[in-house]
Amino acid sequence: MLKSLDASRAFPVIETPRLRLRHHRLEDFPACRAMWADPAVTQFVGGRPLTEEEAWVKFLRNAGHWPLLGFGFWILEEKPTAAFAGEIGLAYFHRELIPHIENIREAGWILAPSMQGKGYATEAVAAVLAWGDAHFSDPRTICLIHPDNLASIRVAQKCGFHEWQRASYRGEPTIVFERTTEAAKRLPL
């Protein structure tokens with residue numbers, strides 16, 4: 001059973017050498033909408049660009065985790081320019097996977113096309129997972145990645161995830177990766 005977490009942890013800002021992870025603001029929606037409308041971005045995440053309505057629902061869902069659960073998604077921005085870079089975070093999505101798995105905390109990340117290939121995903125995922133390690137007693141986190149999304153698979157592996165099982169989500173194949181806090185401590189620095 002999910003329980004609300006301490007609201008004092010709501011909306012922390014995480015800073016890495018090149019990135020700032022912060023809460024959603026209404027003025028982020030146009031950039032977020034443009035990202036989700038790009039076929040290159042959605043190729044492995046749903047397979048098609050999102051409509052404005054679908055992007056809005058996703059935007060609200062990602063931001064809405066915080067007040068209810070004390071964790072969620074952040075807006076990712078470049079520090080020097082404050083440019084929108086994507087969304088990243090931890091969530092309970094209650095996915096209808098086949099075969100079914102219990103609802104486990106899930107990491108997710110998506111970057112705007114202009115921000116891809118710079119190592120931002122690995123930097124941000126590592127920071128989010130470190131935050132999660134410090135705030136959760138449950139050591140497990142999963143992520144779902146389409147088998148053809150080699151860039152995200154590399155990010156997951158660099159951050160301590162390993163393939164746990166193969167599944168289907170909305171009729172598409174997916175790999176469920178798992179990471180435990182203990183296994184992550186054994187990663188080379």
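What follows is calculated from the coordinates using simple rules that are stated; it is not laboratory data. These figures come from a predicted structure and were not determined experimentally. Here the Cβ positions follow ideal geometry from the backbone for every residue, glycine too, while neighbour counts run over all protein chains shown.
Points worth noting:
- Distance in nm between pseudo-label sites at residue 93 and residue 40 (7 Å out along the Cβ direction from Cα): 2.2
- Pair residue 168, residue 102: separation of 7 Å Cα→Cβ label points (nm): 2.5
- Mean residue ellipticity (222 nm) of the chain, computed from DSSP H runs ≥ 4 via -39,500 (n - 2.57), nearest 500: -9500 deg cm²/dmol
- Between region 67-120 and region 127-169, the Cα center-to-center distance that results, in Å: 11
- Taken along its three principal axes, the alpha carbon spread of the chain comes to 39, 37, 34 Å, from the longest extent down to the shortest.
- With kT/(6 pi eta Rh) evaluated at 25 °C and eta = 0.890 mPa s, and Rh the Kirkwood radius from Cα pairs, region 56-151 diffuses with a coefficient of 170 µm²/s according to Stokes-Einstein.
- Sparse-neighbour loop sites [trypsin sites (Lys or Arg not before Pro); region 13-85; at most 15 other C-beta within 10 Å; DSSP]: 18, 25
- In percent, rounded to a whole number, the relative contact order of region 101-157 is 47, using alpha-carbon pairs under 8 Å and six or more apart.
- Summing charges over all other residues whose Cβ lies under 9 Å from the Cβ of residue 120, with Lys and Arg as +1 and Asp and Glu as -1, gives 0.
- Length-normalised contact order of the chain in % [C-alpha pairs under 8 Å, at least 6 apart]: 18
- The slack in the chain from residue 16 to residue 136, taken as 0.36 nm per residue of separation less the alpha-carbon distance, amounts to 41.1 nm.
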